[in-house]
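Notes for the one structure printed next.
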Amino acid sequence: MATTTSKTTLDADVTKPSNTAPGDGPADTTDPTETAVSVTPQPNDEAMKVGTVNAVKPGPKVTRPRVDKSKSRVETYDAVRPDGTVVTVTHDIDTGETSTAEK
């Protein structure tokens, strides 16, 4: 049976079920630089017994463009967490990076 993990990355082996975290599909990944490419699977006996097989391989890695941070557009605002803690959220509009800090 397929092994599950808390982190999902793409698996190049198309003869067995993919190795994913619970709730993730074969083309899901927690690595923001990975892309998935569909391929024709070639299931082995384990995959036939389980009823699923990996049908994607890792594609080309995504590279982030260099951004001049001195000209970044940043928004900052306060938000309340579900436990009532007030945090400051900082979001860089150009890079997409978001961070939080407790007040």
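Observations on the model:
- Residue, nearest to the chain's Cα centre (by Cα), within the range 9-25, restricted to residues that are under 26 Å from GLY96 (Cα atoms) and in a loop (DSSP other than H, G, I, E, B): THR9
- Meets criteria (free of Cβ contacts under 8 Å to residues at least 60 places away in the same chain, surrounded by 13 or more Cβ atoms within 10 Å (Cβ to Cβ) and in contact with a Gly (Cβ under 6 Å, 6 or more places away or on another chain)) for THR35: yes
- Looking at the range 26-103, the strands (runs of 3 or more DSSP E) lying wholly inside it that each contain 1 or more residues that are not assigned by TED's automatic domain parsing to the domain that holds VAL14 sit at 74-80, 86-92, 98-102.
The values are calculated or read from the model by the stated rules, or taken from the named source; none is laboratory data. This is a predicted model, so every value here is computed, not measured. When we count neighbours, we look across all protein chains shown, and the Cβ atoms used for this are built from the backbone with ideal geometry, even at glycine.
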